[in-house]
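What follows is a set of notes on a single structure, which appears directly below.
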């Protein structure tokens, strides 16, 4: 277990060994609250001693230009990065290990800030019990890779360059329940965030609903293979460039559909449509329309005409996405047409089963294929105009839905 005094000695020793301003500490347990600003000033102090006798034109000075702080496989009670000024420039790299509490508050981080960067052979996770980022600016790249985070909170923060959350798992946030805003207890929120560079949420897992509120995505972003079992909220997100949701997982689960808004599904559909992925676009169109149907059901007073149109569209083809369901309804339309054409005989057979003849089965099949054909112009229709209207109107609608469903699943 490392205490403050022994850490000071270790910093001094490592700076001396490195012959530069790169502090690298591995495999230690730090039992006190560690302020990275304090580490920066300690390094700066020891660097000043190391370089005091070097001439101004010495090439060795370039090794002391940028302060780098690296921790490998260390366990921390708390890491604090607060009130860091823009001209206090130091790069942070933390690999694997565990952190009970990590706070970045009211700071301007001018150099790279990497937590468990998954390059150079590092594949180990890092465990963070509580991660809080607030009122800060990251001027350079930010990475949070393969982190297992129990409690996560971020608000009023700018990412001037790339922000990468690859493979990180977020168990819960700190949001409070709000029925009006459809927020559940401990939902995960990004609030008041500006992502000005590439934003990556690839392979992430959010165990609670993910909410972006007053968040601006100025550059491209993606959620490839992200798991969102409790839903997503993009209603208050300002998306200025392409957002890729390819292979996003569990966003169509029952719990996710309950928590995801119609507008969010519309945004996802629009982004898939923009890159020409019509199959995925149609999938989210169906989810968008399903949410529209639910909204119509919950409206008071209910708009019955709109509701019935959506209901029929849903039952018949699941909003043009289920061709098998449409095909079944086409077959049922033809079968009921046969029954209506021979209604008296059918009624007699039901009342007196002994009247049934085996040849009736062959006749049913023969007429079934006649009446399933929408262009059938048999003379029998002249004496049955109501059945004609029933058959042609339904088949016209169902054939259209069938073609739409096939097109949406094949294009």
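The values are calculated or read from the model by the stated rules, or taken from the named source; none is laboratory data. Bear in mind that the values here come from a model prediction, so they are computed numbers and not experimental data. A quick note on method: Cβ atoms are made from the backbone with ideal geometry, for glycine too, and the neighbour counts reach across all protein chains shown.
Worth pointing out:
- Among the residues of the range 343-350, none qualifies, meaning not one is in a helix (DSSP H, G or I), crowded, with 16+ Cβ neighbours inside 10 Å and out of contact with any helix residue (DSSP H, G or I) (no Cβ under 8 Å at 6 or more places or on another chain).
- Considering residues of the range 375-390 that are surrounded by 14 or more Cβ atoms within 10 Å (Cβ to Cβ) and outside any helix (DSSP H, G or I) only, the residue nearest to the chain's Cα centre (by Cα): 376
- Filtered residue count, the range 106-152, keeping only those that are touching a residue at least 12 places away in the same chain (Cβ under 8 Å), in a loop (DSSP other than H, G, I, E, B) and assigned by TED's automatic domain parsing to the domain that holds residue 96: 12
- Selection of the range 253-280 for residues being more than 18 Å from residue 212 (Cβ to Cβ) and outside any helix (DSSP H, G or I) yields 253, 275, 276, 277.
- Residue 197 more than 14 Å from the chain's Cα centre (by Cα), assigned by TED's automatic domain parsing to the domain that holds residue 238 and in a loop (DSSP other than H, G, I, E, B): yes
- For residue 326, the stated conditions do not hold, so it cannot be described as farther than 30 Å from residue 288 by Cβ, in contact (Cβ under 8 Å) with a residue 12 or more places away in the chain and surrounded by 13 or more Cβ atoms within 10 Å (Cβ to Cβ).
- Scanning the range 247-260 for residues that are under 14 Å from residue 182 (Cβ atoms) and either crowded, with 21+ Cβ neighbours inside 10 Å or within 13 Å of the chain's Cα centre (by Cα) (or both) yields 256, 257, 259, 260.
- Failed item, numbered, when residue 314 is tested on (1) over 30 Å from residue 290 (Cα atoms); (2) in contact (Cβ under 8 Å) with a residue 12 or more places away in the chain: (1)
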